[in-house]
Amino acid sequence: MRSARAVRSLRREAVAGWAAVRHAPRRTVAAEALGCLLTAALGLIPLLLVRPDRPVLAVLEALYTVLLVPLRRYRPVLAMLGTGPLLVGPNVWVLAVVPLIVLPAARRIAPPRRAWHAVWAACAVTLVLTLAASPFRPGAWAREPAENGVSAVLLVLLPAFAGILLGRRRPLVSLLRERNAYLEQARSLTAAAARLEERTRIAGEMHDLLGHRLSLISVHAGALELAAARQAPPLAGQAELLRTTAGTAMEELRDILGLLRREDTAVPVPEPEGDRGTHEDITALVAESRRAGVTVELDWTLPGTAEPSPRTRQSVHRVVREGLTNVLKHASGAPTRVEVRGGSGRVEVSVTNEAPRPGHHQGTGSRSGLAGLEERIALLGGSFTAGPLRDGGFRLAAVLPYRPHAITPAVPPPAAKPASATGPSSAMNGLVGGAPGALRGGGTPPAGTRPPLSDEVLTWPRVLGAGCAATLVILPTVTFLIVLLTIAALR
C-alpha cells in the first residue's frame, strides 16, 4: 500500500516537473541545462585525473548533484535537504556546487523561519550520515565529524544565510520601486489637480471681469450704432465695427474659457477654425483696420495650391492681427504693409509700418503679446522677429512651416497605471488633501493602486546592507572551496 502511494507521489512529481519545464521560459530552460552540464563536467572529469577510493559511488554522487541543480528552483526545500549527503560523499569536487545549490534554494524559501528549518535539517542529515559511516572507517571518529562540521558551516550555513538575506532584499527592492511609482503617480495627480484648479480660477476671473466689460461694450456699441444711424450716418460704420468687434471678442473669450476649464488629458484641444489664416480672413482683418483709420496694403503671394496646416494658418492670423493691433495702438495712421508669401514648404508673413506722424501720441505696451506670439511660433518650429526700423517704423515677421511638428505636452503622463481611469475625483481621494497619512498607508488608497507599506521595511540601509552582508558571507565560502580543491588536486 505504501509503495503504491510512493509510486503515485513520484508520478505526480514527475508530471508537475514536466509541466513546469514546458511552461518555463526558453532562457530559463537553457540556463538550467547549461548548469546541469557544467555540474556533470565538474563532478566527473576530475575523476579521470584523480582516481577516488570508491569511483562508482563518486560517479553516482556527481549524477545525484546534477539532479539537485534544477530541483533548487522548483523544490527548494528538497534541494536543501539533499545537500546533506554531498558533504560526506567521496567526490570532493561536487562540494564546489553545494553553495550554488544552497544559496538559490534558501532565497526561494519563505518565510525565513522555514528556510532555517530546512538548513538545520540538512546539517542534521550530514551529522547522522557522518556518525553512521564513522564505524566503518578506522580513526574517523574525531576527524570526520570535525571536517564535515566545518564543511557544513562554510558550505551550507553561510550560503543559506546569504540566500535568506538576498531573498529578503528582493521583495524590499520590489516594494521600494512600487512605492516610488506610487509617489510619482500621487505627485502627477496632485500637480494635475492643482493645475486644473488654478485654470478654473483664472477662467472664473476672466469671465467675471472681461465678460462683464465686453458685454457692456457690446450693448453700448449697439445703442451708439442706432443713434449714429439716425443722427450721424457717416459714423454708423464705425459704430457697427465697434459692435461686431466686441461680439467677436466675446466669442473668442468663451472659447478660451472653455479650454481653460478642460483637463489636459481628458479632452483633446480642438483644431483651429478652418477659415482662419486664409486669404479671405486676412483681407477681412485688413479691411477692419482700414475702417479704423489705418492705411494698409495687402501683398498676398501665397500659391493657391499651397495647403498649410490649420495650426500654421492660425499662426498667420495671429501674426497679422497682432501687427495691425500694434499699429493701431502705437502708430495710428502710419502707412502699413502686410505681406504673406509662400515657397519651399514655408510661409513668410510680415507686418511693416512706417514712422508714425509727428505729434502722434504712442501708446505704451508691455510686449507680452509679442512674447506670447514668439512662444507660439517656436512651438511650431518657426522663427519670429520683431523690432524697430532705421526710419522709425516697426516690422513684425515670422517664418512658419507648412506642416509643423507635433507639440509635446509640458507635463508627461505618469508612467504607472493611471488611477484616473476611474475618475479624477475618486483617484485623488486621500492625495490632494495634503494629509501625510495618505502616503504612509493611512486612509483609503486611490483606485488602481496598492497601499504603500510601512516605511520601516523600505529603508536603503537595509536594502544595501543585505547585499553587503551577503557578499561578506560568500567570501569565506569561496576561500574554503579554493583551499579544499587545491588540497584534493595535490593529493
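The values are calculated or read from the model by the stated rules, or taken from the named source; none is laboratory data. From a predicted model like this one, the values you see are computed outputs, not experimental measurements. Neighbour counts run over all protein chains shown; Cβ positions are idealised from the backbone, glycine included.
In this structure, is Ala79 buried (at least 22 other Cβ atoms within 10 Å of the Cβ) and touching a Ser or Thr at 6+ places or on another chain (Cβ under 9 Å)?
No, not satisfied.
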Of all residues in the stretch 295-313, how many are surrounded by 14 or more Cβ atoms within 10 Å (Cβ to Cβ) and out of contact with any helix residue (DSSP H, G or I) (no Cβ under 6 Å at 6 or more places or on another chain)? 8
Positions within the stretch 1-45 being touching a Phe, Trp or Tyr at 6+ places or on another chain (Cβ under 8 Å) and at pLDDT 75 or above, in sequence order: Leu42, Gly43
Take the stretch 205-222 and flag every residue that is surrounded by 14 or more Cβ atoms within 10 Å (Cβ to Cβ) and within 15 Å of Leu257 (Cα to Cα). Met206, His207, Leu210, Gly211, Leu214
Only one of (1) at pLDDT below 80; (2) not assigned by TED's automatic domain parsing to the domain that holds Phe480; (3) not small (Gly, Ala, Ser) does not apply to Pro233, and that is (1)
Ser174 fails exactly one of the following numbered conditions: (1) in the same structural domain as Pro99 (by TED's automatic domain parsing); (2) among the hydroxyl-bearing types (Ser, Thr, Tyr); (3) crowded, with 16+ Cβ neighbours inside 10 Å. What is the number of that condition? (3)
Do we have any residue at all in the stretch 63-74 that's within 30 Å of Ala110 (Cβ to Cβ), among the aliphatic types (A, V, I, L, M) and part of a loop (DSSP other than H, G, I, E, B)? no
Filter the stretch 149-174 for residues that are touching a helix residue (DSSP H, G or I) at 6+ places or on another chain (Cβ under 7 Å) and over 15 Å from Ala106 (Cα atoms) and give the result. Ser151, Leu172, Val173
Tell me whether the stretch 12-30 contains one or more residues that are buried (at least 19 other Cβ atoms within 10 Å of the Cβ) and either on the phi < 0 side of the Ramachandran plot or of a type in the set (A, V, I, L, M, F, W, C) (or both). no
